[in-house]
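Q: Before anything else, here's the structure in question.
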Amino acid sequence: RTFVPHGREKPRFGYMDSFALEPRNGSAWRGSARDLPVGQGWKRPTPGGRDFSLWVGNLDTDPKWWSRQDPAKLSVRDVFFEFLPPRDIREPFHKQFGGHREIPVLDWPGYFPGFYLGGSPDLSPDSPVRKWLEKTKAPFYLLTNYASTNYDDKKGPATYAALTGPLAKQFLGYIHGEAIGTSGLTWPERPLAAERRQHVDQLGKHLLARQAELWSKIYRTRVGPEHYQRSISCLSVESISMAHLFHEIGCTTVGYELDSTNAHAPMRVAFERGAARQYGGAWINYASGNFGDACNYFTQNPQVPRGAKAWFHSKYAETDGVTAAWYRKLYYLNYLGGASAIYWEQGLGNQWIKPGPGEHPIQLSPFGRGTEDFQAFVDRLPDRGEPYTPIAVLLSHGHGYERVNYRCKMLEHFLENDNDRELRELFHVLWHPSAVLEGKPASPDVQSMPGGVYGDLFDVLVDRPERAGAILNYPVVWAAGEAHLQAPAWQKMLADYLARGGTLVVAANQAKQLPEKWLGLKWTGKTLRADHWTPTGESARPTVPCELAEVELTGAQVLAHADARHPLVTRQAVGQGAVLVVLVPHLLGLDERAHPVLPWLMNGLAQGLIPVEVRLANGQRPSGEVLYQINRTRDGWLVSLMNQQGIDKTQTGIARVDRRQVVDVVVRTRRRVKSAREWTGPADLVVQSAGAGSEVRVRIHPGDVQVVGLKER
C-alpha cells in the first residue's frame, strides 16, 4: 500500500524475498545422476562445414557487373570488396582500400555470402553467379524478406534444380527475417483445432503445404513440401512458440531475431538451443540490433539533412540506436550460447564510417570496432566448448507460449490460461530478476540481456514421445505447463530416467499423470487454501493465499509444509532418482504470481549441480548484476560474464555511463585448476586455492564482457 512507482517500476512480489533463502541440504534432494552425464548426446552441427560463421551480404546479382568478371579468377574476397562496403561511401572505400592485402573486418575468413531472392538470382548452368559458386565452393544462403521474384520458365526451374542438385551441399537455406516463410505464407486466420496441441500439429501441415505452393509459383516448377527443410525462419515475436515445431516439420536450422526492445534474450536462447539439441539441428541468431525504429546504419545522408557532412547513426541522428556495448555483447551472447552462425541484417554496411565535416579517411564505425574485437576473440580462443545446461524445462509440444505477440493471443488465436501463467512465473524465477527489469525504463542493456541468479543453466524441451530420449542429457527435468507425460513412451522413458538417477520436478497438475509409486502420496481429491509455508525444520513464513492439493503421504519425504498437517513440497526416491512435487497447482498464488517456495526450491536444486559457480565478491548469488554462461571445454571450463549495469541509453539519447557500476565476481570450482586466462583482453589470471578447489577473481566494468577460461590439471 505504501509503494509509489517510479516510471515503469513494479512492486516487489512476495516470492522475490525467497531468493535469499538457502536450503541446508538441497543437493541431497536430487537423484544421483550416476548414469546421466550432462550433454552425453549433444553434437552441434556445422552448417557449411564450420563450427561458427558470420553470414553477410546480400550480394548484388547485377548481370552487368557479373558478366564482366572471370569466375575462374574471382575470389569470394573480391566479391565482398565490391558489394559489402556501405553504399553511400562505396566509391571512396574502393579508392582508399584498393590494393590492400588486409582490411579490418572485411578479410575475416569466417564469412558465408548470400543473395537476395528478390533480385531473382540466376543459378542457371551458364550464369556467372552459378559458375562462381561452383568454382569457389562457397556455402551461401538466400534472403527472402519481402521478396517478389520475376523468374521466367527457364531460369526459375534451372535455379531450383541447382539449389536441390549441384549446389545443394553449398546451399545453407533461406533466411526468413521475422517471418515463417516467404511472402504470402501467413498465420491461419482461424484456429485449426480447438486445442493447442492439435492446432500446432495442423499448423505444421499448413506451413508445409502452403510454402510448397509458393515455391512452385516462385520457381515456376513443382516444388514439394520437403523443400521446407531449407527454410530458416528467424522470428522475433513467436520465435519461442515455434522453435520446436520448425524442427519437427523438418527444418535443419532455425533462427531467432533479437533487437534491443525484444525482452529476455537468455530465455529465447534456451528455447532455440533446447529445440536444436532435442532434434539434432542447428540454431542461429538473426542480428538486427534495432532500438525502436532506429536501425543500425551509419551514413552521411540522414533522412533529414543536418548541415555539414558527417556520419549519422541510423539515418536519423548521431545519438540514435543501441549502444556499442550492447552490439558487442550480442556477439558473445550467441557465440558462447552455442549458435552455429549469426546472420547480419545490415551485412557489413554498418561496419565503417567516413567522419566529417571535412575530408577524412574511412575508418571502422563503433560497431565495426566491436566486430573486430569479437573476431579477434574467436580467432584466439582455442575452444568455445559446449554450453553446460543441466536443467531441462519440459513443455507441451503445443505450449504456444509467447508473452510478446501481435494479437495478444498465444499462437495468434488462444487466450492466455493458467498454463501460460505457470510458465511466465517459472521463467521469472529461473531468470530472476528479469521480471523486475521489465518494469524499468527501456534501455538496450537492461531488458534484452537480463542478468540472473542461476546463470544460463536451462534448455527447453517439448513432450513429443519420439523425442523423449533427450531428457537423458539432463540431471534435472522440470515438467511445466501442459506437458503430457502419460503416453506409454514417456512412462517408459521416465522410468529409465529415474532409474539412472534423474530428478523430475512437477507441480500438482502434472503429478497426477504419474504412478503413485513415483510420488509416495495419494490424492484425496480435496483442495485447501494456505497462507503460510514452512521449510522443514524452520519457521513459518507468510505468503499470498494459494490453492493446495490435499494428499495422504505413502512414503514421500516432506521438504516444505503449508501448515503442520499439510505438505507443500514432497520428495519420493525412485531407484537412483527422485520425484519432487509442488502441491500448489500451476505454482501460482491467488495473485497469479510464483509461490515463494519456488526460489527456495530452485536454490536447493542448484546446490552443487555444476562444477563451476559464479558468486559476487561477498559470496552471495548474483541477482541481476551479471549475466553469465558456463561452457565445458576439452580441457576445462569457460565462463562468460557480462555486466549489464551502468549504461543508461534512450532511443534517441547519448549513452550515459556510470563507471562506478563495476561488478566484482568470484569464479569458483571444486576442482583443481592449472591455469586461468581472461580471453577478451587477453590476460592471465591469478588462481587461488579455495579449500579442495580453486577460484579466480574478476572485475567487470559497466557494459563489458569478460570470458574466463579455467584449465584443469
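The values are calculated or read from the model by the stated rules, or taken from the named source; none is laboratory data. All figures in this text were calculated on a predicted structure; none of them were measured in a lab. Cβ sites come from the backbone with ideal geometry, for glycine too, and all protein chains shown count toward neighbours. With ligands, DNA and RNA removed, areas are computed over all heavy atoms of the protein, side chains included. Shrake-Rupley method; radii C 1.70, N 1.55, O 1.52, S 1.80 Å.
Q: Could you give the nm distance between label points at W187 and T650, where each point is 7 Å from its Cα heading toward the beta carbon?
A: Label-label distance for W187 and T650, simple model: 3.2 nm.
Q: What is the distance, in nm, between label points placed 7 Å from the Cα along the Cα-to-Cβ direction at A209 and at R670?
A: Here the modelled spin labels are 5.4 nm apart.
Q: Where does the range 112-202 land on the Kirkwood hydrodynamic radius, alpha-carbon pairs, in angstrom?
A: One over the average 1/r among Cα pairs gives 14.9 Å for the range 112-202.
Q: Report, in deg cm²/dmol and to the nearest 500, the calculated mean residue ellipticity at 222 nm for the chain, where each DSSP H run with n ≥ 4 adds -39500 (n - 2.57) and the sum is divided by the residue count.
A: -7000 deg cm²/dmol
Q: Each residue of the range 476-488 in order: what ³J(HN,Hα) in whole Hz does its phi give by Karplus 6.51 cos²θ - 1.76 cosθ + 1.60, θ = phi - 60°, with x for Gly and Pro?
A: 10, 10, 10, 7, 9, x, 9, 4, 9, 10, 8, 4, x
Q: Determine the percent antiparallel among the DSSP beta bridges restricted to the chain, to the nearest 5.
A: If I count the DSSP bridges inside the chain, around 60 percent turn out antiparallel.
Q: Please list the non-local residues whose amide H lies under 5 Å from the amide H of S236, H modeled 1.01 Å from N, same-chain partners needing a gap of 5 or more.
A: Residues meeting the criterion, in which the H sits 1.01 Å from N, are E178, E257.
Q: Any chance you could check the Cα centroid distance between the range 268-302 and the range 565-590 for me, in angstrom?
A: One Cα centre to the other: 38 Å.
Q: Y141's amide H: which non-local residues (gap 5+, or another chain) put their own amide H closer than 5 Å, with H modeled 1.01 Å from N in plane and none for Pro or chain starts?
A: So Y141 has HN proximity to G114, F115, L172.
Q: With the contact rule set at Cα under 8 Å and sequence spacing of 6 or more, what percent relative contact order holds for the range 19-178?
A: Reported as a whole number, the value is 24 percent.
Q: Which chymotrypsin sites (Phe, Trp or Tyr not before Pro) does the range 346-415 hold that lie in a coil by DSSP with at most 15 other beta carbons within 10 Å?
A: For chymotrypsin sites (Phe, Trp or Tyr not before Pro) across the range 346-415 that sit outside H, G, I, E and B with at most 15 neighbouring Cβ atoms in 10 Å, the list reads Y406.
Q: Continuing with the same structure: In the range 154-219, what percent of the accessible surface is made up of carbon and sulfur (1.4 Å probe, ligands and nucleic acids excluded)?
A: Roughly 53 percent, rounded to a whole number.
Q: Only sites in a loop by DSSP and with at most 16 other Cβ atoms within 10 Å count here; which GluC sites (Glu not before Pro) in the range 586-682 make the cut?
A: Loop-located and lightly packed - E592.
Q: Each residue of the range 214-220 in order: what ³J(HN,Hα) in whole Hz does its phi give by Karplus 6.51 cos²θ - 1.76 cosθ + 1.60, θ = phi - 60°, with x for Gly and Pro?
A: 5, 4, 4, 6, 5, 8, 6
Q: May I ask you to evaluate 6.51 cos²θ - 1.76 cosθ + 1.60, the Karplus curve with θ = phi - 60°, for each residue of the range 265-272 and list the ³J(HN,Hα) values in order in whole Hz, giving x for glycine and proline?
A: With coefficients 6.51, -1.76 and 1.60, one gets 4, x, 5, 5, 5, 4, 5, 5 Hz.
Q: I want the antiparallel fraction of DSSP beta bridges within the range 363-513, as a percent rounded to 5.
A: Percentage antiparallel, nearest 5: 10.
Q: Give me the distance between the Cα centres of the range 150-195 and the range 639-704, rounded to whole Å.
A: Result: 44 Å between the Cα centres.
Q: Which whole-number value in Å² is the accessible area per residue of the chain, probe 1.4 Å?
A: Value for the chain: 39 Å² per residue.
Q: How would the range 657-697 be classified by its alpha-carbon gyration tensor: rounded, prolate or oblate, with rounded meaning a/c under 1.5 and the a/b versus b/c comparison settling the rest?
A: Oblate, because a/c is 1.5 or more while a/b does not exceed b/c.
Q: Report, in listed order, any pair from K43/K711; K492/K522; K95/K649; K43/K512 with a Cα-Cα distance greater than 28 Å.
A: Beyond 28 Å: K95/K649; K43/K512.
Q: Do any chymotrypsin sites (Phe, Trp or Tyr not before Pro) in the range 116-178 lie in a DSSP loop with no more than 16 other beta carbon atoms within 10 Å, and if so, which?
A: Taking the range 116-178 and a limit of 16 other Cβ atoms within 10 Å, the loop chymotrypsin sites (Phe, Trp or Tyr not before Pro) found are Y146.
Q: Another question, if that's okay. Could you order D463, D563, D153 so the one with the most accessible surface comes first? Probe is 1.4 Å.
A: D153, D563, D463
Q: Return a whole-number percent for the relative contact order of the range 156-279, with Cα pairs under 8 Å and 6 or more residues apart as the contact set.
A: For the range 156-279, the relative contact order is 26 percent.
Q: Here's a follow-up. Normalising by the residue count of the chain, find the relative contact order in percent from Cα pairs under 8 Å and 6+ residues apart.
A: With pairs under 8 Å counted, the relative contact order is 15 percent.
Q: Calculate, in nm to one decimal, what S124 and E538 gain on full extension: separation in residues at 0.36 nm each, minus their alpha carbon distance.
A: Length gained, S124 through E538: 141.5 nm.
Q: What value in Å³ per residue do you get for the convex hull of the alpha-carbon atoms in the chain?
A: 172 Å³
Q: Going by the alpha-carbon gyration tensor, a ≥ b ≥ c the square roots of its eigenvalues, is the range 486-622 rounded (a/c under 1.5) or, if a/c is not under 1.5, prolate (a/b greater than b/c) versus oblate?
A: Taking the square roots of the gyration eigenvalues as a ≥ b ≥ c, the range 486-622 is oblate.
Q: At what distance in angstrom do the alpha carbon centres of the range 435-474 and the range 316-372 lie from each other?
A: Result: 26 Å between the Cα centres.
Q: Now for a different question. Express the carbon and sulfur contribution to the solvent-accessible surface of the range 581-696 as a percent, rounded to the nearest whole number, probe 1.4 angstrom.
A: 46 percent
Q: Now a separate question. For the cross-link pairs K155/K217; K64/K137; K131/K169, which exceed 21 Å when the distance is taken from alpha carbon to alpha carbon?
A: Exceeds cut-off: K64/K137.
Q: Working from Cα positions, state the angle (0 to 90°, nearest 10) between the long axis of helix 597-606 and the longest principal axis of the chain.
A: Long axis of 597-606 versus the principal axis of the chain: about 70 degrees.
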